[in-house]
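One structure is given here, and the rest of the page talks about it.
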Amino acid sequence: MKFMLVVIITMGSPVIGEDKKTFELRIPQENKETCEKSAETFKFSLPVFSLDTKCEPQKDDEEPTIQST
């Protein structure tokens, strides 16, 4: 089964007067093991920039995407 690595990027902070902006990247992966390993490379956080990741089964005909949420 193929998986999608979902990377959620949040930028901005109300503390410095900026609205938060969130983007979601969906990157295809060959399997769950590869997806989970890739997810670990994206784990970090800064005061005005954070990343979160998760692995989801790829839906039929799902394409890689970048979208604002």
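Here are some notes:
- SER38 falls short on exactly one of the conditions (1) touching a strand residue (DSSP E or B) at 6+ places or on another chain (Cβ under 6 Å); (2) touching a residue at least 40 places away in the same chain (Cβ under 8 Å), and that condition is (2).
- Test: CYS35 is touching an Asp or Glu at 6+ places or on another chain (Cβ under 8 Å) and surrounded by 14 or more Cβ atoms within 10 Å (Cβ to Cβ): no
- Boolean, ASP52 is over 19 Å from LYS2 (Cα atoms) and acidic (Asp, Glu): yes
Read the figures in this text as sums done on the coordinates, not as results from a lab. Just so you know, these numbers come straight off a predicted model, no measurement behind them. Quick reminder, even Gly has a Cβ in these numbers, built from the backbone with ideal geometry, and neighbours come from all protein chains shown.
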